[in-house]
Amino acid sequence: MDFAVPHYTRHKDNTNLSHIPGSYGLPLLGRTFQFVIKPYEVLDAQYRKYGPVSKASLTFQKFVVALGPEFIQQLLLDGKQNFSARMGYNTPLGDFFAGGLLMRDFDEHKFHRRIMQTAFKIDAMRNYVDLMQPIIDAQMTDWGKQSKFQFYPHIKTLLLDIGAKVFLGLDMGGDETRALNQSFLDMNEGMLALIRKDWPGLLYRKGMNGRRDLEKFFIGLVPQRRGITGNDMATFFANETTDEGEYFSDKVVGEHLIFLLLAAHDTTTSALTMACYYLAHDQAWQDRLREELRSLGKPALEYDDLGNNVPDLDHCFKEVLRMNPPVPMLMRRTVNEVEVGGYLLQPHTMVQISPLYVQRMEQWWSNPHQFDPDRFAREEHKQHNFQWAPFGGGAHKCIGLHFADMLFKSALSTLLMNYRIRFADEQQYPGRIQHFPFAKPMDDLPLSLERL
Ligand code: HEM
């Protein structure tokens, strides 16, 4: 089914925000640099000076920034279709992720989201746990052999290999998988390029070449997967049909797979890295988690354990995502004239909402800058539906949230059952955290792993 190009995509951003309090900072750059280094502090200063709704120039665009769970709710639930995700993310993601779910709005988005329905059903999820556990076991066996173990690059490799198997049905280690992983990494690098021109020699070109290689590969892969049964996501997507019983085209399936890889990979890598950062510091919590896992009396968690059998691990996952949400700011652009926090916004106005800020607001959280997973046992998060929103909400709510939960718990539990984790150097805490594109310690988290 073809959808017409929506009329609102043809307009430039509305940059006349003269009625909104705030200041833009430097011409063109605005407050981009301060924001990239200390995003929470910049938002907090903005909130204290101008109130919950203000304007800012961040990442080279002029935005209205709306800080509070009520705005996350308004923009994400969006019953009147006032806010476009496609145009919100068009500048950073439009070229690289054209056709991905987040780059489609409203009826078109709903139509496309069904391509993923079978891949995220319980039966499929059970299988993914069985596919990923041997890869986790095999790679983690070697992790303790290094005296100073750089956690971040290793967890990144592990998750790329899991992705190749679970998303694409490919075995790791082959030339094909290595080339694909490289294209994916090139694409992610190119996405951050400051000069956004597809010209020879530029980083952006490297990224776009990565995207083109991935697209070519997927367009070749999809026809091979039609009409066969399999338990990887590419095979599920390739065999999904519309209401009329037609397959989605090879190109469409490829576009969804490319976006899926982006959405799944760095987010989960960041969550696991930040979890190990907090746990290396907090040995008591590490002991508690290990005790909970050992009390199950199994070598590894099974799918049915992930829900209710490991509450401490669950609270730990939630707390890591509260403190360092892998997607710290969500972006939308208004489609119609709409009121936000008492200000009337014209169509085509960029708006940012922030899980990063809301998840540390003193109004909603006790000692918000403290790592305290027990706050979820105390149900601190239940005062407002959107005070904890690392997975977003509404139509675009993360479709992979259970998968992320499963992967996080499977990987972290295997690590904790086999090793005690400590900082390679105790001076590492508190360390400098890089927030963009995804949160991780600047030093890539060197650890000392003591085999148990
Ligand atoms: C801790 C890990 C993850 C976090 C924090 C996260 C967060 C998010 C957020 C905030 C959104 C919504 C963005 C918005 O509305 O502007 C989103 C969307 C999405 N996520 Fe995740 N995600 C994670 C892992 C995953 C995984 C593992 C997958 C796939 C297996 C995935 C697939 C997607 C997809 C396809 C979308 C777009 C949904 C749509 O537009 O309908 N994510 N994610």
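A few notes on this one:
- Options Met191, Met208, Met233; residue that is closer than 25 Å to Gln139 by Cβ and either among the acidic types (Asp, Glu) or surrounded by 15 or more Cβ atoms within 10 Å (Cβ to Cβ) (or both): Met233
- Candidates Gln359, Gln370, Gln363 - the one that is modelled with pLDDT of 95 or more, within 20 Å of Gly393 (Cβ to Cβ) and surrounded by fewer than 20 Cβ atoms within 10 Å (Cβ to Cβ): Gln363
- Tally, over region 87-108, of residues that are out of contact with any His (no Cβ under 8 Å at 6 or more places or on another chain) and in a helix (DSSP H, G or I): 9
- Residues of region 59-83 satisfying the condition of being more than 16 Å from the ligand (Cβ to nearest atom) and modelled with pLDDT under 95: Phe60, Lys62
- Residue check for Gly51: among the small types (Gly, Ala, Ser), at positive phi and surrounded by fewer than 21 Cβ atoms within 10 Å (Cβ to Cβ): yes
- Note on region 279-350: enclosed strands (runs of 3 or more DSSP E) holding 1 or more residues that are acidic (Asp, Glu) and surrounded by fewer than 18 Cβ atoms within 10 Å (Cβ to Cβ) are 338-340.
- Residue in region 391-412 that is of a type in the set (Asp, Glu) and under 16 Å from the mean Cα position of the chain (by Cα) present: yes
- Pick from region 162-191, criterion among the small types (Gly, Ala, Ser) and more than 16 Å from the ligand (Cβ to nearest atom), ranking: farthest from the chain's Cα centre (by Cα): Gly174
- Filter pass, Thr267 being within 23 Å of Asp95 (Cα to Cα), touching a residue at least 12 places away in the same chain (Cβ under 8 Å), part of a helix (DSSP H, G or I) and among the β-branched types (Val, Ile, Thr): yes
- Entirely in region 1-85, the helices (runs of 4 or more DSSP H) that have 3 or more residues that are in contact (Cβ under 8 Å) with a residue 60 or more places away in the chain: 39-50, 69-77
- Which listed residue, of Pro390, Pro368, is within 11 Å of the ligand (Cβ to nearest atom), touching a Lys or Arg at 6+ places or on another chain (Cβ under 8 Å) and not polar (S, T, N, Q): Pro390
Yes or no, residue by residue, for (1) touching a residue at least 40 places away in the same chain (Cβ under 8 Å); (2) more than 16 Å from the ligand (Cβ to nearest atom):
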{"residue": "Asp405", "(1), (2)": "yes, no"}
{"residue": "Ala411", "(1), (2)": "yes, no"}
{"residue": "Arg422", "(1), (2)": "yes, yes"}
{"residue": "Tyr429", "(1), (2)": "yes, yes"}
{"residue": "Gln434", "(1), (2)": "no, yes"}
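- From the options Phe120, Phe106, Phe111, Phe97, residue that is crowded, with 19+ Cβ neighbours inside 10 Å and either more than 20 Å from Arg420 (Cα to Cα) or more than 15 Å from the ligand (Cβ to nearest atom) (or both): Phe97
The values are calculated or read from the model by the stated rules, or taken from the named source; none is laboratory data. Because the structure is predicted, anything quoted here is derived from the model rather than measured. Here the Cβ is made from the backbone with ideal geometry for all residues, glycine too, and neighbour counts use every protein chain on show.
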